[in-house]
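Please read the structure below before turning to the comments.
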Amino acid sequence: MHCSAVSKLPVRFCLRSQPTVKDMLSEKAMKTGSACPPPPGPGKLRLYSMRFCPYAQRTRLFLAAKGIEYETINIHLREKPEWFLEKTPMGQVPVLEKDGDIAIVYESLVCNEYLDGIYPDKCITPRDPLEKARQSMVLALWGAKVIPVYYKLVIGKDDERPAMARQFVDGLEYIESALTQPFFSGDDVGALDYNLWPWFERVPMLKARAGVQMSAEKLPKLTAWMERMSDLPEVKACSFSPEIHDRYGKTLLAGRSEYDLGLEE
Ligand SMILES: N[C@@H](CCC(=O)N[C@@H](CS)C(=O)NCC(=O)O)C(=O)O
């Protein structure tokens, strides 16, 4: 049944036939054939996520930094629930849902700007048009030049890894030159810092797997920035250990990503 059709059913019917939101809030990923969760309710915010997705982590970082209350529904990305595909034509996480089916927002960077729009206290996105453009350009470069190399390092062939590791570090050198202050966003952490961070959290995995070296001699500003970032409470709240990233990366490489890795049975 179409999810929004379910939400229009009489309440009594919904209560009997649908699991409650509380039932849904196990962290385990929801699969094809699962029942569509009821809408989050007036004024409530929901994040559709996947625990190891770096793009969803961008949005989790914004939510944590802004202190916004929300609920999470994790999606099994190899066996996506039909109702999830009805919410987003991209079929990707993160997706934000507010006030039931009325507001659906997808794409991590769009989600983050939307959060600043609807919760303007502690606005993270720069207001100055030129600074906003600068941050967007760094992110565009990151998306075009570094992220594809990151995925080749994680799931590519062994013999391609040394060349990819060099290409990855070349990309980081460009990013190093864009870091002119303690944080990418200035004296304080900001949007660009949060939107870049998830891939840096995974660098230790690349070191172990593909020999990526981020030395303080070669990348002094970036390595100091990484220390600063890892100390922030919101970053700690959204992080996984290098071991868990490594274990998840291995399942990704094997083509059977384990979205529930580390959760109790
Ligand atoms: N451009 C998207 C990328 C999101 C993305 O690639 N998410 C991955 C998980 S890390 C996903 O949902 N993959 C499922 C698929 O592509 O089918 C964003 O910024 O939100």
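The values are calculated or read from the model by the stated rules, or taken from the named source; none is laboratory data. Owing to the predicted nature of the structure, the values given are computational and were not obtained by experimental measurement. Cβ: placed from backbone, ideal geometry, glycine included. Neighbour counts: every protein chain shown. Protein only, heavy atoms only, side chains kept; ligands, DNA and RNA dropped before computing areas. Shrake-Rupley method; radii C 1.70, N 1.55, O 1.52, S 1.80 Å.
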Pairing the Cα long axis of helix 161-178 with the longest principal axis of the chain, what angle in degrees results, from 0 to 90 and rounded to the nearest 10?
-> 90
Can you tell me the FRET efficiency between R127 and Y151 if r is taken as the Cβ-Cβ distance and R0 is 41 Å, rounded to the nearest 0.05?
-> 0.80
Short version: ³J(HN,Hα) in whole Hz for each residue of region 56-68, in order, from phi by Karplus 6.51 cos²θ - 1.76 cosθ + 1.60 (θ = phi - 60°), x for Gly and Pro, what are they?
-> 5, 5, 3, 6, 4, 5, 4, 4, 5, 5, 8, x, 8
So for S26, S215, what's the accessible-area order with a 1.4 Å probe, most first?
-> S26, S215
The chain: relative contact order in percent, alpha carbon pairs under 8 Å with at least 6 residues between | 19
Between the DSSP loop rule and a limit of at most 13 other Cβ atoms within 10 Å, which GluC sites (Glu not before Pro) in region 197-240 are left?
-> E217
May I ask you to give the percent of accessible area on region 21-118 that is carbon plus sulfur, with a probe radius of 1.4 Å?
-> 53
What whole-number value in Å² describes the accessible area per residue of region 129-231 for a 1.4 Å probe?
-> 47
For G33, what charge total do you get from the other residues with a beta carbon under 10 Å from its beta carbon, if Lys and Arg give +1 and Asp and Glu give -1?
-> -1
Rounded to the nearest Å, the spacing of the alpha-carbon centers of region 108-128 and region 195-249 is 24
For region 205-212, Karplus couplings with θ = phi - 60° (6.51, -1.76, 1.60), whole Hz, Gly/Pro x = 5, 5, 5, 5, 7, 10, x, 5
Which whole-Hz couplings ³J(HN,Hα) result when phi for each residue of region 106-111 is put into the Karplus expression 6.51 cos²θ - 1.76 cosθ + 1.60, θ = phi - 60°, listed in order with x for Gly and Pro?
-> 10, 6, 3, 5, 5, 4
Amide H neighbours of M30 under 5 Å, at least 5 residues apart or on other chains, H built in the peptide plane: list them.
-> N74, I75, H76
How high is the relative contact order of region 129-231, given as a whole-number percent (alpha carbon pairs under 8 Å, six or more residues apart)?
-> 29
